[in-house]
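The values are calculated or read from the model by the stated rules, or taken from the named source; none is laboratory data. Values in this document were obtained by computation on a predicted structure and should not be read as measured data. Note that each Cβ is placed from the backbone with ideal geometry, even for glycine, and that neighbours are counted across all protein chains shown.
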Amino acid sequence: MKVCLECHYSFASSDWACPRCGRQPECRAGFLCFAPDPAGQAGFSPEYFVQLHELESKNFWFRARNALLQWALQRYFPQAHSLLEVGCGTGFVLAGLHQKFHDLRISGTDIFTEGLSIAQTRLPGVEVFQMDARHMPFEAEFDVIGAFDTLEHIDDDERVLSEFRHSCKPGGGIILTVPQHPFLWSAADEHAFHKRRYTRPGLLSKILRAGFDPLYVTSFVSLLLPLMLASRTRRKNLDASFDPLAEFRIHPILNRALELVLTLERSFIRAGLSFPLGGSLLAVARRQA
């Protein structure tokens, strides 16, 4: 079901014109836009998308995360017919899901149209639109909602999780990844406009309060945590010389070696192990009845 953000009327229709008040989202930069102009919001730097687009498909971390998310979707929501990614950015995750799950109806949304422009080139024919995750125009619409390293950019993350529940179909659920461990906070978090790094109990409590039952949670990038800790400790403060993408620009041989380590780590996760420590958290939860 669609929801009018003006009068909050729920309706089923092939277009977005509200049958009650007539409101429909405007179109900007070729995308349906449901949120006010995001200029001035501190959740991200739009120019970052171009740099990410150049790095994602080659970097071990993005590739390993994609493989982990594809496993989680297949393992916990094998019957899903629809998925919405909130904060889809350049569309790298969605493109991977689209390639692996041909029958899955996928949609993507981001607050910044700059990211959507890149996502559209990766996903021709796939619905992508601009939206504020705190105000979602859906009711029981998607089998799965994903937010992959998105919640940490938003002050009111609990409001977002509540919106996820409202937009999720009965029996459906959410897949989340977030940066873990406040002690890993560094200049990289500041440059990325992160609001927080999560603890496992903190994330789980927010998931429960939003109306979801956790199915599985694990840390990941666990086997590389010592390297990550050393890197982040070295650059705790943000200054003019800081390069936020330096840790992604690594020699191909090292990049391959690190990807192999995370492939090994993923085999433990697939076998049922839940790592207690790691650079990131993966959480899968089902909407409560």
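Brief remarks follow.
- Considering segment 114-154, the residues that are among the β-branched types (Val, Ile, Thr) and assigned to a loop (DSSP other than H, G, I, E, B) include one that is farthest from the chain's Cα centre (by Cα), namely 126.
- Within segment 191-217, residues that are over 30 Å from residue 48 (Cα atoms) reach partners that are polar (S, T, N, Q) with beta carbons closer than 9 Å, at six or more positions or on different chains, in the pairs 208/288; 209/162; 210/162; 211/162; 211/288; 212/288; 213/288; 216/274.
- Restricting attention to segment 121-176, the residues that are among the acidic types (Asp, Glu) and farther than 23 Å from residue 189 by Cα total 5.
- Residues (of a type outside the set (A, V, I, L, M, F, W, C) and either more than 18 Å from the chain's Cα centre (by Cα) or within 25 Å of residue 1 (Cβ to Cβ) (or both)) located in segment 162-180: 162, 163, 165, 166, 167, 169, 170, 171, 172, 173
- Tally of residues being part of a helix (DSSP H, G or I), farther than 15 Å from residue 154 by Cβ and out of contact with any Asp or Glu (no Cβ under 6 Å at 6 or more places or on another chain) across segment 167-206: 11
- Residue within segment 51-66 that is closer than 26 Å to residue 169 by Cα, surrounded by 20 or more Cβ atoms within 10 Å (Cβ to Cβ) and within 19 Å of the chain's Cα centre (by Cα) present: yes
- Counting residues in segment 111-122 that are among the aromatic types (Phe, Trp, Tyr), crowded, with 17+ Cβ neighbours inside 10 Å, without any contact (Cβ under 8 Å) to a residue 60 or more places away in the chain and over 20 Å from residue 24 (Cβ atoms) gives zero.
- Qualifying residue in segment 95-113 (condition: modelled with pLDDT of 95 or more, polar (S, T, N, Q) and either touching a Pro at 6+ places or on another chain (Cβ under 9 Å) or part of a loop (DSSP other than H, G, I, E, B) (or both)): no
- Number of the exception - residue 14 against (1) in a strand (DSSP E or B); (2) of a type in the set (Ser, Thr, Tyr); (3) more than 20 Å from residue 145 (Cβ to Cβ): (1)
- Yes/no for residue 75 being under 16 Å from residue 267 (Cα atoms), of a type in the set (D, E, K, R) and surrounded by 22 or more Cβ atoms within 10 Å (Cβ to Cβ): no
- Residue match in segment 231-241 (condition: modelled with pLDDT under 90, hydrophobic (A, V, I, L, M, F, W, C) and buried (at least 17 other Cβ atoms within 10 Å of the Cβ)): no
- Residue within segment 18-26 that is in a strand (DSSP E or B) and modelled with pLDDT under 95 present: yes
- The lone criterion from (1) out of contact with any Gly (no Cβ under 8 Å at 6 or more places or on another chain); (2) at pLDDT below 95 left unmet by residue 200 is number (2).
- Residue 158 being surrounded by 18 or more Cβ atoms within 10 Å (Cβ to Cβ), in contact (Cβ under 8 Å) with a residue 12 or more places away in the chain and either in contact with a Gly (Cβ under 6 Å, 6 or more places away or on another chain) or not in a loop (DSSP other than H, G, I, E, B) (or both): no
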